[in-house]
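Notes to accompany the following structure.
The values are calculated or read from the model by the stated rules, or taken from the named source; none is laboratory data. Keep in mind it's a predicted model, so treat the numbers as computed, not measured. Note: ideal-geometry Cβ built from the backbone for every residue, glycine included; neighbour counts use all protein chains shown.
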Ligand SMILES: C[S@@+](CC[C@H](N)C(=O)[O-])C[C@H]1O[C@@H](n2cnc3c(N)ncnc32)[C@H](O)[C@@H]1O
């Protein structure tokens, strides 16, 4: 009974919030519709053979003996992120804790992003979906060491418990000089952002994992990626958007197992 009342009061607060903030209300409805479309639609599971972190890097760059040594350089960043999560207060969802703590990019994906950026030395990266900023932190750590490049991140704030301050709040302050945050849904601002930029080296999707949104982001970003650049996507097994997309452009992906326990996968496409 208590749980039911809690749920009811949560939905009532969403309705009240939407009436006061009609634009956010429309974004909430749009998101709810996309999620419900995905639940109704039965996705035929696509088959793939995932590889490990080091196999993924070997497939892209050939055998690379420096990988282990390089990774000791992220020890301090990982300590900082661990400390951030140990000290984040409040109950999810709330202004103090707008995202669940396990919402961030998981397992090997952070070190993979760091290593990829160390090897590619990108000038420009665009990512969608920041939350506390774990993927952003690994990318920015590599850009800082490269002494080159910029990360543009897109995230939305249309839920009543979200605030601009919490987006990217885990990113160490000394890594923020190569970071620009744009607020808005990817549907509204991704294309507009990409058209104002020179072509990009890497695009990373980690925002709303619905078929419609993922497919839209892949289709929109692909023409703006440089030859030999990368399109990366978190959680590709949520639906068939990634497999439909790579088949449509006739490219073979690399699919990396992010975490043995969570069975989540990072999709990698090279242009
Ligand atoms: C899975 S989290 C991102 C985790 C992050 N990459 C990390 O490693 O910490 C998803 C984020 O996407 C944002 N988001 C959800 N729907 C979105 C949309 N339509 N457009 C842009 N961002 C969205 C959420 O606000 C949330 O911050």
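Screening residue 158 against (1) within 25 Å of residue 227 (Cβ to Cβ); (2) within 16 Å of the ligand (Cβ to nearest atom) leaves a single unmet condition, (1). For residues in region 109-129 being within 13 Å of the ligand (Cβ to nearest atom) and under 21 Å from residue 222 (Cβ atoms), which is surrounded by the fewest Cβ atoms within 10 Å (Cβ to Cβ)? By that ranking, first place goes to 112. For region 202-243, taking the residues that are closer than 14 Å to residue 268 by Cα and surrounded by fewer than 19 Cβ atoms within 10 Å (Cβ to Cβ), the one that is farthest from the chain's Cα centre (by Cα) is identified as 228.
If I ask for residues that are surrounded by 19 or more Cβ atoms within 10 Å (Cβ to Cβ) and at pLDDT below 90, which ones from region 94-107 would you list? 104, 105 - these are the residues of region 94-107 that are surrounded by 19 or more Cβ atoms within 10 Å (Cβ to Cβ) and at pLDDT below 90.
Applying the selection to region 186-222, what residues are farther than 21 Å from residue 254 by Cβ, away from the ligand (no atom under 16 Å from the Cβ) and either in contact with a helix residue (DSSP H, G or I) (Cβ under 6 Å, 6 or more places away or on another chain) or assigned to a helix (DSSP H, G or I) (or both)? Result: 195, 199.
Conditions (1) in contact with a strand residue (DSSP E or B) (Cβ under 9 Å, 6 or more places away or on another chain); (2) in a strand (DSSP E or B); (3) in contact (Cβ under 8 Å) with a residue 12 or more places away in the chain, marked per residue:
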residue	(1), (2), (3)
60	yes, no, yes
75	no, no, no
81	no, no, yes
93	no, no, yes
119	no, no, yes
122	yes, no, yes
138	no, no, yes
153	yes, yes, yes
159	no, no, yes
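Close Cβ contacts (under 8 Å, 6 or more residues apart or on different chains) running from residues in region 1-22 that are touching a residue at least 40 places away in the same chain (Cβ under 8 Å) to residues that are part of a helix (DSSP H, G or I) comprise 14/28; 17/24; 17/25.
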